[in-house]
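A.B. asks: Starting off with a structure, shown below.
The values are calculated or read from the model by the stated rules, or taken from the named source; none is laboratory data. Predicted model, so just to flag it, every value in this text is computed and none were measured. Here Cβ is always computed from backbone atoms with ideal geometry, including for glycine, and neighbour counts include all displayed protein chains.
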Amino acid sequence: SQTIHQWPATLVQPVGSPLSLECTVEGTSNPNLYWYRQAAGRGLQLLFYSVGIGQISSEVPQNLSASRPQDRQFILSSKKLLLSDSGFYLCAWSVHRDNSPLHFGNGTRLTVT
Amino acid sequence: RKEVEQDPGPFNVPEGATVAFNCTYSNSASQSFFWYRQDCRKEPKLLMSVYSSGNEDGRFTAQLNRASQYISLLIRDSKLSDSATYLCVVTPSGGYQKVTFGIGTKLQVIP
């Protein structure tokens, strides 16, 4: 069966520090991969999605970036965090097929201080 | 108009009650529809897909109305454990990468 791992679970970082969140998927090949952010009391905002290695699409211009160095690995990064980057970051995967749902990792709760 | 709209609630209902949520979407070309459940400070989890003919999973019934562009979720015999936020999800045809989530409807089942 497929599993998705996301780490760390919680993170407290000072403003201006770098960020690296990692997500890996097991049990499937060539998944679609996504990064979402959920601010406190708000809906899910799509940040990046990827349909293959090295293929990244950005939905919202900001100081975050994403990379997919391997088929089942998706990394979210920032060179300098802002206070507004605080939130709940969720990685998700889906199969390359219409009508397929997303499956989420446990999420990373990031607090920028 | 937002792509996907939901009443954020909260809906406070007694145990055993029947409750229904609606979700409207703006893109008439939308192809796939889902309901997710999100517990406080947890990740969303797939509750059920929504099919054109409607579908049922135990106490949960999902329906799609393409003409009026909304989907619904009906929960019968509410349990305390049903307390959560229910997210509506819409995907356009051929656009599995353009999944759009509603803000969610918060349900609180009261003893």
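A.B. asks: Condition first: in contact with a Lys or Arg (Cβ under 7 Å, 6 or more places away or on another chain), more than 9 Å from chain B (Cβ to nearest Cβ) and of a type in the set (Phe, Trp, Tyr). Now tell me which residues in segment A:79-103 satisfy that.
C.D. replies: If the condition is that a residue be in contact with a Lys or Arg (Cβ under 7 Å, 6 or more places away or on another chain), more than 9 Å from chain B (Cβ to nearest Cβ) and of a type in the set (Phe, Trp, Tyr), then A:Tyr89 is the only one that fits.
A.B. asks: Please verify whether A:Asn106 is on the phi > 0 side of the Ramachandran plot and either within 14 Å of chain B (Cβ to nearest Cβ) or modelled with pLDDT of 95 or more (or both), treating the condition exactly as stated.
C.D. replies: no
A.B. asks: Looking only at segment B:1-23, count how many residues are under 22 Å from A:Arg37 (Cα atoms) and among the polar types (S, T, N, Q).
C.D. replies: 1
A.B. asks: Of all residues in segment A:1-16 being polar (S, T, N, Q) and exposed (fewer than 13 other Cβ atoms within 10 Å of the Cβ), which is nearest to the other protein chains (Cβ to nearest Cβ)?
C.D. replies: Step by step, filter segment A:1-16, then rank; the result is A:Thr10.
A.B. asks: So which residues in segment B:39-65 are polar (S, T, N, Q), within 14 Å of chain A (Cβ to nearest Cβ) and part of a strand (DSSP E or B)?
C.D. replies: Listed by number, the residues that qualify are B:Ser49, B:Asn55.
A.B. asks: Looking at segment A:40-56, which of its residues are within 11 Å of chain B (Cβ to nearest Cβ) and outside any strand (DSSP E or B)?
C.D. replies: A:Ala40, A:Gly41, A:Arg42, A:Gly43
A.B. asks: If A:Leu76 meets every condition in (1) away from chain B (no Cβ under 13 Å); (2) touching a Pro at 6+ places or on another chain (Cβ under 8 Å); (3) closer than 16 Å to A:Thr10 by Cα apart from one, which number is that one?
C.D. replies: The number of the failed condition is (2).
A.B. asks: A further question on this structure: Residues that are in a strand (DSSP E or B), modelled with pLDDT under 95 and not polar (S, T, N, Q): does segment B:66-82 have at least one?
C.D. replies: yes
A.B. asks: Between B:Ser72, B:Ser81, which is within 15 Å of B:Thr18 (Cβ to Cβ) and away from chain A (no Cβ under 14 Å)?
C.D. replies: That would be B:Ser72, the only listed residue that is within 15 Å of B:Thr18 (Cβ to Cβ) and away from chain A (no Cβ under 14 Å).
A.B. asks: Check B:Tyr36 against each of (1) more than 14 Å from chain A (Cβ to nearest Cβ); (2) surrounded by 15 or more Cβ atoms within 10 Å (Cβ to Cβ); (3) within 10 Å of the chain's Cα centre (by Cα) and name the one condition it does not meet.
C.D. replies: Result: B:Tyr36 passes all but (1).
A.B. asks: Right, B:Lys2: within 12 Å of another protein chain (Cβ to nearest Cβ) and touching a residue at least 24 places away in the same chain (Cβ under 8 Å) or not?
C.D. replies: yes
A.B. asks: Residues that are buried (at least 17 other Cβ atoms within 10 Å of the Cβ) and within 14 Å of another protein chain (Cβ to nearest Cβ): does segment B:7-16 have at least one?
C.D. replies: No, the conditions are met nowhere in segment B:7-16.
A.B. asks: Anything in segment B:39-73 that is over 24 Å from A:Ala92 (Cα atoms), surrounded by 15 or more Cβ atoms within 10 Å (Cβ to Cβ) and aliphatic (A, V, I, L, M)? List them, or say none.
C.D. replies: Listed by number, the list holds a single entry, B:Leu64.
A.B. asks: So in segment A:57-73, with the set limited to residues that are crowded, with 18+ Cβ neighbours inside 10 Å and either of a type in the set (Lys, Arg) or in a loop (DSSP other than H, G, I, E, B) (or both), which one is nearest to the other protein chains (Cβ to nearest Cβ)?
C.D. replies: Among residues in segment A:57-73 that are crowded, with 18+ Cβ neighbours inside 10 Å and either of a type in the set (Lys, Arg) or in a loop (DSSP other than H, G, I, E, B) (or both), the one nearest to the other protein chains (Cβ to nearest Cβ) is A:Arg68.
A.B. asks: Within segment A:60-75, which residues are within 20 Å of A:Leu102 (Cβ to Cβ) and in contact with a Lys or Arg (Cβ under 9 Å, 6 or more places away or on another chain)?
C.D. replies: Hits for segment A:60-75 are A:Val60, A:Leu64, A:Phe74, A:Ile75.
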